[in-house]
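**Q** Would you mind keeping the following structure in view while I ask a few things?
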Amino acid sequence: MISLARHIELLLLEHDCVIVPGLGGFIANHTEARYTGEEEQLFLPPYRTIGFNQQLQVNDGLLVQSYMAAYDTSYPAANLQMEKDLEKMMQELEMKGEYVLENVGTIKKGLNENISFIAPETGALTPSLYGLYSFEMKSLQHVIKERDIERNLQAAAAMHIAQKEIATKDENEKQEPGKNGVVIHINRHWLDVGISAAAAVVLFFCFSYMAMTQPSNNADTVVASFPTMDKVAVKANKPAAKPAESPAKKEAVAQVAAKEEATPETSVKDEPAKVEPAKNAARYAIVLATYVSQDNAEKFIKDLAKEGLSEGRYVKNGKVSRVLYSEYADEAAAQQALSTFRKQNSAFAEAWILEL
């Protein structure tokens, strides 16, 4: 069954006035498109609003015709059904003081039998205006103002970030004393030259210190302090006259000669060091197993010994434990031995060569 509110709603789609006998008339008012102003800056499409007039009491038969079309019945039967629906609505209006007509509005009854109407905010449904929506259109002055505000905000944000970076830099300089913030650029070539010169100075002082700390006899000191012209002449392959020796020098040479006679000519310093020939140690071995426990390794070695391979041993270096077999002087010998063992015993199938 179609309700009374539904009949009124459908009639307002095509008509601007629908009279309900004994209640009043619902009137659709057309509102043109409008601009809300600088605050909201919205263009609103045209729409219809519903009003109510209690003075319209004449039955124009429009509502009865809607009942006749809906129930496919005669005028008297449709009028009777309309009167029943009106009676129910008036009873609820008397009891509650208001009655809600869905999609139409709310009817309220006040003092002196006055009836007021509250229209919905969405307005009346109008097929001819379907699809028209509101849209925002800002003025040029407002757009310029927004751009200026956005630029100011960006500048303030950039300034805030810069201040934060400066504060962070100052805090780092406080935490790291000795850095005054001065950046010194040095040419790479001059830096290399400086490093080389410093290394040369260090080496010079090292060799000087070694020469000063080496033991020497008085004769060496005297000869180094007073070189003769004869020795210089011999080195230069040129004859030179022997200068006259002073009394102090003669006395020093005599003391050195006396000490050399009392000191044996041979000393431990002059003896050549005896170098013992280095023994050739084995450098390679065959790895049969890795990360194996000692019990399993010993059992594996015993099994190899039963087969005539008695050179197996268990080796553990830190967390790595291995079972090694034999030792070889070079890698080629180890590889040749491994190839031979692989043909003879399956235990060498996954073996590999380890440099010791």
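**Q** Can you find even one residue in the range 284-293 that is in contact with a helix residue (DSSP H, G or I) (Cβ under 9 Å, 6 or more places away or on another chain), of a type in the set (Ser, Thr, Tyr) and not in a helix (DSSP H, G or I)? Before the answer, list the steps.
**A** Residues of the range 284-293 in contact with a helix residue (DSSP H, G or I) (Cβ under 9 Å, 6 or more places away or on another chain): 284-286, 288-289, 292.
If we keep only those that are of a type in the set (Ser, Thr, Tyr) too, we end up with 284.
Add one more test, that the residue is not in a helix (DSSP H, G or I), and what stays is 284.
Within the range 284-293, one or more residues are in contact with a helix residue (DSSP H, G or I) (Cβ under 9 Å, 6 or more places away or on another chain), of a type in the set (Ser, Thr, Tyr) and not in a helix (DSSP H, G or I).
**Q** May I pose another question? I'd like to verify a number: residues in the range 303-356 that are at pLDDT 90 or above, in a strand (DSSP E or B) and closer than 13 Å to TYR284 by Cα, how many?
**A** 8
**Q** Please find, among LEU63, LEU101, LEU80, LEU86, the residue that is without any contact (Cβ under 8 Å) to a residue 60 or more places away in the chain and either under 21 Å from HIS15 (Cα atoms) or not assigned by TED's automatic domain parsing to the domain that holds LEU12 (or both). Before you say what the answer is, go through the steps one by one.
**A** Values: LEU101 fails: without any contact (Cβ under 8 Å) to a residue 60 or more places away in the chain; LEU80 fails: either under 21 Å from HIS15 (Cα atoms) or not assigned by TED's automatic domain parsing to the domain that holds LEU12 (or both); LEU86 fails: without any contact (Cβ under 8 Å) to a residue 60 or more places away in the chain.
Within the list LEU63, LEU101, LEU80, LEU86, the selection yields LEU63.
**Q** With the requirement that a residue be more than 12 Å from GLN54 (Cα to Cα) and either outside the structural domain of HIS30 (by TED's automatic domain parsing) or modelled with pLDDT of 85 or more (or both), what does the range 109-118 give you?
**A** If we filter the range 109-118 for residues that are more than 12 Å from GLN54 (Cα to Cα), which is where we start, we get 110-112, 118.
The one that is more than 12 Å from GLN54 (Cα to Cα) and either outside the structural domain of HIS30 (by TED's automatic domain parsing) or modelled with pLDDT of 85 or more (or both): ILE118.
**Q** If you take the residues of the range 1-57 that are of a type in the set (Val, Ile, Thr) and over 16 Å from MET82 (Cα atoms), which of them is surrounded by the most Cβ atoms within 10 Å (Cβ to Cβ)? Spell out the reasoning first.
**A** As a first pass, look at the range 1-57 and keep what is of a type in the set (Val, Ile, Thr): 2, 8, 18-20, 27, 31, 36, 49-50.
Adding the requirement that they be over 16 Å from MET82 (Cα atoms) leaves 27, 31, 36, 49-50.
On the way: ILE27: 19, THR31: 12, THR36: 12, THR49: 16, ILE50: 24.
So the residue we want is ILE50.
The values are calculated or read from the model by the stated rules, or taken from the named source; none is laboratory data. This structure is a prediction, so every number in the text was calculated from the model and none was measured. We place every Cβ from the backbone using ideal geometry, glycine too, and count neighbours over all the protein chains shown.
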